[in-house]
Amino acid sequence: MRKLWLSKEDFELFYHEIGPFDFEFFRTHVETFKRMWREQTKRFWKLFLESFEDFMWTHGSLKDLPKTLSGEDVRGIVNKVSKHINEQFINGKVASAKSFILNSALVAQNKHALPLTEKVNTATNPFFVKETREAFRSFFGQPTERDTFIRFVVGLPLYLKFAGGVIIALKRWLEAEEINEDNENDVEKYFMFIHKPAVPKMNFDIDKLQPQKSTKETIKEVSMGKSKMATSKELLNASDKCLSDDQDTVSKKKGKLHECFFCHSEEKTAKSFKRCQKCKGSAIPRYYCSKDCQAKDWKGGHKEDHFED
């Protein structure tokens, strides 16, 4: 477990929607994500979701929404989204949390298809296209359900920003201070003050952020439908380019220098770290600086990774 602080005023954490670069980062750090998801515990992720919801009602897309849209209760739809995130990301298994992020990235690539969601089965409707229908129906319901279109309008920014926040959290986690989990007082103290620290300094100008669009503006904008719809195959093919240059390694003229997956130390000379034999054939194999680090990581959950996927 590491010290990740939460605040409903953290624009850097909760304002960001998952995008192509985030997806590539996730794909090259998926094993690190699994470790973070386990170590932070469900207790942390519940608080993460609560802070995210507070932010969205105070600063995000929910701030100016009316109580009802097309006769549907907005808060009721938001509750459905929260329930789905709880079930799929927080209370499910790590494989379910991983799928949630992948589905969020797929929906993000096809969000311009919003004006097509009210049409009956068409070749471009994401609820029917083979490559996208599973993700869209999982997030927004069956295309025949009465509130599906409104769930799309209200839920879309929630799913994309939650997933984006998880990616930002993953980047912070890589550099965060560790907590001695053997000391229950340290763990309880962390959770007691998890909301107390000041918001981390943002590395961008808040005044230059793209303003939140109202629901009416969103519907008007997407109704133009000028973009082509990306497929999961295209999305995965694009990410494969990133896999050839693992972001956990540094390319050098004399070879690639690997990073110890457990302690994050870097090789001084190429091929001095040992690869996990079980990771043979894996797109993102784990390397270790010592048998001690490998043993700790194996006991910490890597053993399960070879049986889950």
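The values are calculated or read from the model by the stated rules, or taken from the named source; none is laboratory data. Predicted, not measured: the structure shown is a model, and the values here were computed from it. Ideal geometry is used to build each Cβ from the backbone, glycine not excepted, and the neighbour counts take in all protein chains shown. Note: areas computed on protein heavy atoms with side chains; ligands, DNA, RNA excluded. Shrake-Rupley method; radii C 1.70, N 1.55, O 1.52, S 1.80 Å.
Rounded to 0.05, the FRET efficiency of the Glu9 and Lys291 pair, given R0 = 41 Å and the Cβ-Cβ distance, is 0.40.
Once all protein chains are placed together, Asp64 keeps about 130 Å² accessible to a 1.4 angstrom probe. Residues Thr144, Thr124 ordered from highest to lowest accessible area at a 1.4 Å probe: Thr144, Thr124.
By a 1.4 Å probe calculation restricted to protein chains, Glu267 has an accessible surface near 10 Å², given to the nearest 10.
Met192 contributes an accessible area of around 130 Å² to the protein surface, as traced by a 1.4 Å probe with all chains present.
With the highest mean first, a sort of the peptides 80-87, 181-188 on other beta-carbon atoms found within 10 angstrom per residue produces 80-87, 181-188. First check a/c for the stretch 1-160, with a ≥ b ≥ c the square roots of the eigenvalues of its C-alpha gyration tensor; if it is under 1.5, answer rounded, and if not, answer prolate when a/b is larger than b/c or oblate otherwise. In terms of gyration-tensor shape, oblate. Accessible-area rank, largest first, for Arg275, Arg43: Arg43, Arg275, with all protein chains present and a 1.4 angstrom probe.
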